[in-house]
Amino acid sequence: MEDCAVSFWIYIGVMSILVGGAMKKFLAFHIGAMPSMMAWLGATLLVERLCALCMPAVLARLILCVSCWLYFTWATPKPLLPVEGKAVFITGCDSGFGNATAKRLDAMGFEVFATVLNLEGEGAKHLRRVCSSCLTLLQVDITQPQQVQQALLDTKAKLGMRDLWGLVNNAGLCVNIGDVELCLMSNYRGCMEVNYFGTLNVTRAFLPLLRQAKGRIVTISSPSGENPFPCLAAYGASKAALNLLISTLRHELKPWGVKVSTILPSAFKTGQSSNQEYWEKQYKNQIQNLPTSLLEEYGEEYLLETKELFQSYAKKANEDLSPVINTIVDALLSPQPQVRYYAGSGVTLMYFICSYLPFSVSDKFLQKVFVQKKVMPRVLRKQPGLSLINNNNSIKENMNNSNNNNDSFTKSID
């Protein structure tokens, strides 16, 4: 009896390590956002419960076997698939994630088809300079069906009898930010045209090649497509539509053997996110095209603060794009890629808070970490009991205080 008890405690000790590692990996794989502390807490509680049951040694042996299986199934990293002979089509390679991904995949030995808006732009010139002859540059505006079809024909011609292994939907657009009522309809249409319809257009065009290869579809989306970031409705709505589209496509392509993954990055410096001239132009366009009555109710200083807050957050965004590029590589080469990847600091915590905590908590969290506005709309400032902020100096002072105390979780422009 004593031997059984000793054997039991040995099994429990080994099991606590194996189950802990397996649970941690399991949660990271399927949820992608649960803090590791939660995984270890779960393992600890499980072991404690099993000890309390004082199970027979035979049952302990069975649990040990199951634990080992879980560990080697979930906790042990699997080797990536070979790169040799694989071709990938990437959209939006002028800058940002697309440009960096094209360089990484080319260096790994992929045959890369990279689309750019301007073949004579700096991004295209840089790719020509640093990449091998296996990279093909294609000028494509994904909102133009004729250009997408021509890119498909050019890709087929270059591949010949070879397969297209992967499609990386990276191209995206964030035209402007602001309250739902203050965003121009052209902003909503612009975001939907690129982020949703453009991506749909490319994906549908290349699906026959991907089905034939039993390949991969990797789409860069945004946390704003899952969570209601204030002042980011136009961009977030287009990404929410994209998320649902890709999730539906994932179910439909399972019988064909095509694996579909979505990547949701945190804040990174890409595209026009840190281009001050670009955002000044967008701001002036917004002011000029808003109805006079609406502009008077909100006040120009209200819109100005929103623009300056966004610009300040964009300046603090991460310049190291490797967390996102690494997830793209994993989605293309992992034998069992994740359905969703949360790439970058803070985004996993945000997912956990917005998914598992009450709305009263998650709403305050989003308001605090993204656009912590100090300026009230002009009409509301005239009401008794509301604080007044009447000049640009006070706007900038409050904005600076906000910048020093908050981190941005907004998805930067693709």
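I'm trying to understand the selection: among the residues of the range 316-359, which are under 13 Å from ARG216 (Cα atoms), open to solvent by 30 Å² or more (accessible area, probe 1.4 Å) and in a helix (DSSP H, G or I)? Selection gives ASP330 alone. GLU122 meets all of the listed conditions (1) open to solvent by less than 50 Å² (accessible area, probe 1.4 Å); (2) at pLDDT below 95; (3) under 29 Å from GLU193 (Cβ atoms) but one, namely (1). Among residues of the range 207-220 that are under 12 Å from PRO337 (Cβ atoms), those with a beta-carbon under 6 Å from a residue that is modelled with pLDDT of 95 or more and among the aromatic types (Phe, Trp, Tyr) at least six positions away or on a different chain give the pairs GLY215/TRP165. Candidates are the residues of the range 148-178 that are of a type in the set (S, T, N, Q) and open to solvent by less than 70 Å² (accessible area, probe 1.4 Å); the one that is farthest from GLY123 (Cα to Cα) is ASN176.
For the range 104-140, which positions are under 26 Å from the mean Cα position of the chain (by Cα), free of Cβ contacts under 8 Å to residues at least 60 places away in the same chain and in a helix (DSSP H, G or I)? Those that are under 26 Å from the mean Cα position of the chain (by Cα), free of Cβ contacts under 8 Å to residues at least 60 places away in the same chain and in a helix (DSSP H, G or I): ASP106, ALA107, GLU122, GLY123, ALA124, HIS126, LEU127. You will find that of THR101, THR143, the residue that is surrounded by 15 or more Cβ atoms within 10 Å (Cβ to Cβ), within 24 Å of ASP330 (Cα to Cα) and touching a residue at least 40 places away in the same chain (Cβ under 8 Å) is THR101 and no other.
Can you tell me how many residues within the range 78-98 are part of a helix (DSSP H, G or I) and either surrounded by fewer than 23 Cβ atoms within 10 Å (Cβ to Cβ) or out of contact with any helix residue (DSSP H, G or I) (no Cβ under 7 Å at 6 or more places or on another chain) (or both)?
Here is the first cut: in the range 78-98, the residues part of a helix (DSSP H, G or I) are 96-98.
Those still in the list that are either surrounded by fewer than 23 Cβ atoms within 10 Å (Cβ to Cβ) or out of contact with any helix residue (DSSP H, G or I) (no Cβ under 7 Å at 6 or more places or on another chain) (or both) too: 96, 98.
The number of residues fulfilling the criteria is 2.
Going by what's in this entry, would THR115 be described as over 24 Å from SER221 (Cα atoms) and crowded, with 17+ Cβ neighbours inside 10 Å? Explain how you work it out, then say what you get.
On the way: over 24 Å from SER221 (Cα atoms): no; crowded, with 17+ Cβ neighbours inside 10 Å: yes.
No.
Pairs meeting the criteria (first residue in the range 357-376 and closer than 20 Å to GLY236 by Cα, second residue aromatic (Phe, Trp, Tyr) and assigned to a loop (DSSP other than H, G, I, E, B), beta carbons under 7 Å, at least 6 apart or on different chains) are LEU366/PHE229; VAL369/PHE409; PHE370/PHE229; PHE370/PHE409.
Of all residues in the range 109-141, exactly one satisfies the criterion of being of a type in the set (A, V, I, L, M) and closer than 23 Å to LEU264 by Cβ, namely ALA114. Residues in the range 166-184 that are out of contact with any strand residue (DSSP E or B) (no Cβ under 6 Å at 6 or more places or on another chain) and in a loop (DSSP other than H, G, I, E, B): ALA171, GLY172, LEU173, CYS174, VAL175, ASN176, ASP179, VAL180, GLU181, LEU182, CYS183, LEU184.
There is no residue in the range 281-293 that is part of a strand (DSSP E or B), crowded, with 17+ Cβ neighbours inside 10 Å and in contact (Cβ under 8 Å) with a residue 24 or more places away in the chain.
When you scan the range 256-270, do you find a residue that is open to solvent by less than 10 Å² (accessible area, probe 1.4 Å) and over 17 Å from the mean Cα position of the chain (by Cα), even just one? Yes, the conditions are met somewhere in the range 256-270. Applying the condition of being assigned to a helix (DSSP H, G or I) and in contact with a helix residue (DSSP H, G or I) (Cβ under 7 Å, 6 or more places away or on another chain) to the range 204-226 and asking which residue is surrounded by the fewest Cβ atoms within 10 Å (Cβ to Cβ) yields ARG211.
Residues considered: TYR235, TYR196. Of these, the only one that is within 30 Å of GLN150 (Cα to Cα) and either without any contact (Cβ under 8 Å) to a residue 40 or more places away in the chain or open to solvent by less than 10 Å² (accessible area, probe 1.4 Å) (or both) is TYR235.
The values are calculated or read from the model by the stated rules, or taken from the named source; none is laboratory data. Every value quoted in this text rests on a predicted model; they were computed, and no experiment measured them. Neighbour counts are summed over all protein chains in view; Cβ atoms, including those assigned to glycine, are modelled from backbone coordinates with ideal geometry. Accessible surface is based on the protein model in full, side chains and every heavy atom, while ligands, DNA and RNA are left aside. Shrake-Rupley method; radii C 1.70, N 1.55, O 1.52, S 1.80 Å.
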